[in-house]
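For reference, the structure discussed in these notes is given below.
No lab work stands behind these numbers, since they all come straight from the coordinates. Here the structure is a predicted model, which means the values were calculated and not measured. Please note: Cβ atoms are built from the backbone with ideal geometry, for glycine as well, and neighbour counts cover all protein chains shown.
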Amino acid sequence: QSFEYIKVSTPRTGVAMIELNRPKALNALFTPLIVELNKALESLDKDPSIGAMVLTGSEKAFAAGADIKEMAPKEFADAYGADFIENWSQLYNTIKKPIISAVNGHALGGGCELAMMCDILYCNAKANFGQPEIKLGVIPGAGGSQRLTRAIGKSRAMELILTGKNFSGQEAFDWGLAARVFETPEKCVEGALDTAETIAGYSKIAVKACKEVVNKSQDLGIREGVEFERRVFHGLFGSEDQKIGMKAFAEKQKAQWKHR
Ligand code: HXC
């Protein structure tokens, strides 16, 4: 598959990297780019040789937001009629394998939202996050008000969304939005690839189950969440990889996963 606005590579065993590649517009997210991103993710999700994905941009910009020039002329009927932005949710709603975002440079508006949709967020200390929609007369539209609030708390998220003030990668880490922070863009991408490689080395069925149960914690109360976790845990006793993993431990061997 060849793409115009993204680059897809496999820099490590079992790891796919998607780089947003619309440099002239600082990776502003317009429909053709999102369509390509969804196509790539869908095919990588089905690819048995891939265990985890890294999503990144350039050193200058992860993504400077939804494309303001594409949005500017839209009327309510266009937005509502075509359910504008709905196809952005495909990443979160349908992809079963873990995606790590490696954020360098600007991650503003829809860029920040795209980074937060990923399963793990890594960033460079100097990355520039923000939800500046208020300055454009609108509000976050791709989950920013929900995900940022869950990640860093209501008061802080409210302040950022109401003022449109940016925050740094270091702050994103200090506040718990980012799992790790790095000194340089290169280290950020390498760190994401390292983690993706570790994940890709485990049983795919167990990895998928981990992602599913952690994500459920965002939707369910503690009691139902723990019960859901236990059911999925029970289900894994029907997998070959559970037998392989536990037998390998007892025999002091490295597990050779069958992913079944
Ligand atoms: C369209 C954009 C863009 C965007 C940058 N560009 N961001 N085009 N949509 N979001 C374009 C510029 O128009 C310019 O094109 C080129 O990229 C380079 O940008 P500059 O502004 O010249 O670069 P710089 O001076 O370095 O400033 C970087 C910046 C600034 C601070 C990131 O570009 C900026 O403020 N961008 C907008 C950020 C923003 O408001 N994002 C939220 C969008 S709303 P030309 O052709 O002039 O060279 C949003 C809503 C989400 O995301 C809701 C649902 C998804």
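Filter the range 1-34 for residues that are in a loop (DSSP other than H, G, I, E, B) and within 13 Å of residue 50 (Cα to Cα) and give the result.
Of everything in the range 1-34, those that are in a loop (DSSP other than H, G, I, E, B) and within 13 Å of residue 50 (Cα to Cα) turn out to be 13, 14.
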Problem - Check on residue 49, more than 14 Å from the ligand (Cβ to nearest atom), under 26 Å from residue 8 (Cβ atoms), free of Cβ contacts under 8 Å to residues at least 60 places away in the same chain and not in a helix (DSSP H, G or I) - result: yes
Handout entry: Unmet criterion (only one of (1) surrounded by 19 or more Cβ atoms within 10 Å (Cβ to Cβ); (2) under 13 Å from the mean Cα position of the chain (by Cα)) for residue 92
Key = (1)
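Looking only at the range 2-30, count every residue that is at negative phi, polar (S, T, N, Q) and in contact (Cβ under 8 Å) with a residue 40 or more places away in the chain and tell me the total. If you could, list the steps in order and put the result at the bottom.
Filtering the range 2-30 down to residues at negative phi leaves 2-13, 15-25, 28-30.
Add one more test, that the residue is polar (S, T, N, Q), and what stays is 2, 9-10, 13, 21.
Subsequent filtering for residues that are in contact (Cβ under 8 Å) with a residue 40 or more places away in the chain retains 10, 13.
Matching residues across the range 2-30 total 2.
Out of 134, 99, 85, report the one residue that is away from the ligand (no atom under 15 Å from the Cβ) and surrounded by 15 or more Cβ atoms within 10 Å (Cβ to Cβ).
Of 134, 99, 85, the one residue that is away from the ligand (no atom under 15 Å from the Cβ) and surrounded by 15 or more Cβ atoms within 10 Å (Cβ to Cβ) is 99.
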Exercise for the section: Name the one entry in 139, 205 that is surrounded by fewer than 18 Cβ atoms within 10 Å (Cβ to Cβ) and either within 16 Å of the ligand (Cβ to nearest atom) or under 25 Å from residue 41 (Cβ atoms) (or both). Expected result: 139
Exercise for the section: Scan the range 1-35 for residues that are buried (at least 17 other Cβ atoms within 10 Å of the Cβ), within 16 Å of the ligand (Cβ to nearest atom) and closer than 15 Å to residue 90 by Cβ and report the count. Expected result: 3
Problem - Cβ pairs under 8 Å, 6+ apart, first in the range 236-260 and of a type in the set (Val, Ile, Thr), second assigned to a loop (DSSP other than H, G, I, E, B) - result: 244/203; 244/255; 244/256; 244/257; 244/258
Problem - Subset of the range 209-235 (residues that are touching a residue at least 24 places away in the same chain (Cβ under 8 Å), of a type in the set (D, E, K, R) and crowded, with 16+ Cβ neighbours inside 10 Å) - result: 211
Handout entry: Flag for residue 170 being of a type outside the set (D, E, K, R), surrounded by fewer than 18 Cβ atoms within 10 Å (Cβ to Cβ) and under 19 Å from the mean Cα position of the chain (by Cα)
Key = yes
Problem - Filter pass, residue 55 being under 12 Å from the mean Cα position of the chain (by Cα), touching a residue at least 60 places away in the same chain (Cβ under 8 Å) and within 30 Å of residue 206 (Cα to Cα) - result: yes
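Residue 157 - would you say it is of a type in the set (A, V, I, L, M), touching a Cys at 6+ places or on another chain (Cβ under 9 Å) and crowded, with 19+ Cβ neighbours inside 10 Å? Even if it seems obvious, please write down each step before you answer.
Details: of a type in the set (A, V, I, L, M): yes; touching a Cys at 6+ places or on another chain (Cβ under 9 Å): no; crowded, with 19+ Cβ neighbours inside 10 Å: yes.
For residue 157, the condition - of a type in the set (A, V, I, L, M), touching a Cys at 6+ places or on another chain (Cβ under 9 Å) and crowded, with 19+ Cβ neighbours inside 10 Å - is not met.
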Completion exercise
Those residues of the range 118-131 that are of a type outside the set (Gly, Ala, Ser), crowded, with 19+ Cβ neighbours inside 10 Å and within 18 Å of residue 186 (Cβ to Cβ) come to a total of 5
